[in-house]
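Below is one structure, written out as structure tokens; comments come after it.
The values are calculated or read from the model by the stated rules, or taken from the named source; none is laboratory data. Every value quoted in this text rests on a predicted model; they were computed, and no experiment measured them. Note that each Cβ is placed from the backbone with ideal geometry, even for glycine, and that neighbours are counted across all protein chains shown. Just so you know, the surface numbers come from the protein's heavy atoms only, side chains and all, with ligands and any DNA or RNA stripped out. Shrake-Rupley method; radii C 1.70, N 1.55, O 1.52, S 1.80 Å.
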Amino acid sequence: MRLLALFFSAVFFTSGALAVGPVGRSLIFPAESDNSYVQMTPLKEMSMKAITLCMRVAMAPCGNPEVILFTYRSKNADELNLWRLEDGSLNLYLGTSNFKDSVYFQVPKLGPLETHLCVTWDSNIGATTIFMNGRKSLTKIYKKGHKVPKGGKVLLGQDADTFLGSFDRTQSFVGEIYDVNMWDSVLATSTIREFNLGIEVPRGNIFDWETVKLKFNGKVDVVKQEL
Ligand code: CA
Ligand code: CA
């Protein structure tokens with residue numbers, strides 16, 4: 001009898017741990033544009049010496065050489081930009097728009113099937129890693145000692161080349177993106193794996209998709225999405 005009670009409490013605990021709340025809004029960028037974007041308001045200033053940025057993303061096929069996935073732009077620079085290049089590589093730029101000063105990962109190409117994508121970076125060592133559907137890439141060393149400054153704006157859908165302007169339609173994002181969360185720390189690999197599976201993890205302290213304030217511009221459709 002005691003064994004049975006243990007069994008039931010174990011089942012209860014497991015299903016409790018797997019409880020997943022609705023993640024809410026999913027953003028659909030239906031076509032190339034130079035004016036459709038969604039601005040995300042951070043929960044605190046984005047002065048960061050470590051990063052975990054995650055999103056669920058599916059992309060329309062496109063022949064453009066580079067497609068923007070995430071933009072954090074200050075008056076001075078592209079402070080934190082994530083790109084998908086035509087060969088499928090994912091490129092992270094911190095404080096630069098210069099390709100030679102970015103770090104890239106030759107990973108399977110994002111496409112129409114949704115991918116849970118995370119990137120982590122730690123200034124102490126410069127350790128930078130990509131996670132796709134919970135699978136970890138090799139770690140590369142990038143921008144050791146760098147600090148991402150506060151005071152910029154975060155956009156989905158467009159890359160800014162001036163402070164929230166100079167958008168290029170051939171760099172715009174076309175597809176679906178949601179569950180964009182960000183921390184100013186590096187999450188454990190096991191936590192990122194759980195997040196990929198939809199298991200509840202501590203919500204982002206820079207962006208929490210369930211509560212983030214979004215500002216829309218141009219044509220972006222919103223659908224309800226649950227995990
Ligand atoms: Ca640009
Ligand atoms: Ca730019």
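For Asn133, the conditions (1) within 13 Å of the chain's Cα centre (by Cα); (2) within 16 Å of ligand 1 (Cβ to nearest atom) all hold with the exception of (2).
Yes/no matrix, rows are residues, columns are (1) within 15 Å of the chain's Cα centre (by Cα); (2) of a type outside the set (D, E, K, R); (3) modelled with pLDDT of 95 or more; (4) part of a loop (DSSP other than H, G, I, E, B):
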site: Ile51; (1), (2), (3), (4): yes, yes, yes, no
site: Ile68; (1), (2), (3), (4): yes, yes, yes, no
site: Thr71; (1), (2), (3), (4): yes, yes, yes, no
site: Ser97; (1), (2), (3), (4): no, yes, no, yes
site: Leu110; (1), (2), (3), (4): yes, yes, yes, yes
site: Trp121; (1), (2), (3), (4): yes, yes, yes, no
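Here is the figure for region 72-94: residues that are touching a Gly at 6+ places or on another chain (Cβ under 8 Å) and within 13 Å of ligand 1 (Cβ to nearest atom) total 3. In the set (1) in contact (Cβ under 8 Å) with a residue 12 or more places away in the chain; (2) open to solvent by 50 Å² or more (accessible area, probe 1.4 Å); (3) closer than 24 Å to Tyr93 by Cβ, Leu227 fails one condition alone, (3).
Out of all the residues in region 74-112, which are among the hydrophobic types (A, V, I, L, M, F, W, C), closer than 19 Å to Glu32 by Cα and open to solvent by 10 Å² or more (accessible area, probe 1.4 Å)?
Hits for region 74-112 are Trp83, Leu85.
Taking region 40-73 as the range and being within 13 Å of ligand 2 (Cβ to nearest atom) and open to solvent by 10 Å² or more (accessible area, probe 1.4 Å) as the test, the residues that pass are Glu66, Arg73. Scanning region 144-198 for residues that are open to solvent by 50 Å² or more (accessible area, probe 1.4 Å), within 16 Å of ligand 1 (Cβ to nearest atom) and free of Cβ contacts under 8 Å to residues at least 60 places away in the same chain gives Thr162, Ser166. Within region 95-130, the set of residues being within 22 Å of Gly204 (Cβ to Cβ) and within 16 Å of ligand 1 (Cβ to nearest atom) comprises just one member, Gly95. Can you find even one residue in region 127-136 that is open to solvent by less than 50 Å² (accessible area, probe 1.4 Å), among the aromatic types (Phe, Trp, Tyr) and either within 16 Å of ligand 2 (Cβ to nearest atom) or outside any strand (DSSP E or B) (or both)? No: region 127-136 contains no residue that is open to solvent by less than 50 Å² (accessible area, probe 1.4 Å), among the aromatic types (Phe, Trp, Tyr) and either within 16 Å of ligand 2 (Cβ to nearest atom) or outside any strand (DSSP E or B) (or both).
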